[in-house]
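The values are calculated or read from the model by the stated rules, or taken from the named source; none is laboratory data. Quick caveat, the model's predicted, so the values are computed rather than measured. Quick reminder, even Gly has a Cβ in these numbers, built from the backbone with ideal geometry, and neighbours come from all protein chains shown. Note: areas computed on protein heavy atoms with side chains; ligands, DNA, RNA excluded. Shrake-Rupley method; radii C 1.70, N 1.55, O 1.52, S 1.80 Å.
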Amino acid sequence: MDSPRDILKRHGLRAKHSWGQNFLGDPDALQEIADALAPREGEPVVELGPGLGHLTRFLAATGARVTAVERDRDMVAVLEKEAIPGVRVVPGNAATVDFAQVAGADEIALVGNLPYHLTSPILFQVLAQRAHISRAVFTLQKEVVVRLAAEPGNRDYGLLTVLLGLHFDLEDVLTLEAWRFHPPPKVDSAVLRLTRLKKPRAPLVDEARFTRLVKAGFAQRRKTLINSLKSDKGLATPEALLAALQTAGIDPGRRAETLAPEEFAAIERALGPVTAMAPPPPDAPPEE
């Protein structure tokens, strides 16, 4: 297949920096990404942000039924002209699309090279739509993959690691140096594989309260867990939070980054039945 540079030139286009477009044309890397997803023949696969169609060709070569979701109209035009056999191109925003619906299937495999500014929105969509996603393989900035694949007790460990970790195995499977892309980004990338568990690592009383609890824990991660949780005054009273920590056997002096997803789940269950909660505070970036 032609290089990204050659395809862009043929169509009179340039990479859009404001859209975070960095095209991967290295065949060895593309094959490794396809192998990490390992689509079965006939399996529905949704590719987010296919761009110029380099990975798309490797996915289609497996015999999978590939639906390529692309929001850039210029890239949609390129994909339609390239006419990759076995691939359906759908204009759409990867951060808002219903993955299973767009593929016309109840369960799909998901793959894509995600721009930095869309990483969190898409990962929250994966979380919300997890019942329909058997697994996902994403190319992300290396530092993001390091955080998502981190273990408890590591300062890289954070909010999404816990929320996704309750339902998925997360693996850092491959590093991709910046020079492999066109144009080269300023940082290296890595490939993250998410494999949905047959059941969550721990039961919950209420998923929304669990998410709110974890967000509160990481909102002020330099503080002790009890003080971080108390920052969300609508979550529960300080007395109820302290009692829940004691019931769950969690030292209130620990910090959020030391807790496994199962421990956050134990705190959520210990809060008991869900009552009317005050609206959560406005979202703020979690402290690093």
Calculated over the chain: convex hull of Cα atoms, volume per residue (Å³): 126 Å³
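Compute, for the chain, the length of the dipole vector about the Cα centre, with Cβ point charges of +1 (Lys, Arg) and -1 (Asp, Glu) only. Units Debye, rounded to 20. Present the calculation step by step, with values, prior to reporting the outcome.
On the way: 35 positive and 37 negative charges, 110 e Å.
It works out to roughly 540 debye.
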Whole-angstrom gap from segment 176-228 to segment 1-58, using each part's C-alpha centre: 25 Å
Rounded accessible area of Lys215 (nearest 10 Å², 1.4 Å probe): 70 Å²
Accessible area of the chain divided out per residue, in Å², using a probe of 1.4 angstrom: 47 Å²
Accessible area (Å², 1.4 Å probe, nearest 10) - Trp19: 80 Å²
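Rg to Rh ratio, segment 3-123, alpha-carbon atoms and Kirkwood radius?
The Rg/Rh ratio comes out at 0.93.
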The chain: angle of helix 261-270 to the longest principal axis, Cα-based, in degrees nearest 10: 40 degrees
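Give the shape of segment 18-78 as rounded, prolate or oblate, defined through the alpha-carbon gyration tensor: a ≥ b ≥ c are the square roots of its eigenvalues, a/c under 1.5 means rounded, and otherwise the shape is prolate if a/b is larger than b/c and oblate if not.
oblate
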Kirkwood Rh in Å, taken over all unlike Cα pairs in segment 207-271: 11.1 Å
With every protein chain in place, the chain: carbon and sulfur % of accessible area (1.4 Å): 51 percent
Spatial extent of segment 66-185: Rg and Dmax, with the Cα atoms as the point set, Å: 15.5, 50
DSSP-loop trypsin sites (Lys or Arg not before Pro) across segment 8-40, with at most 13 other Cβ within 10 angstrom: Arg14, Lys16, Arg40
DSSP-loop GluC sites (Glu not before Pro) across segment 141-185, with at most 15 other Cβ within 10 angstrom: Glu177
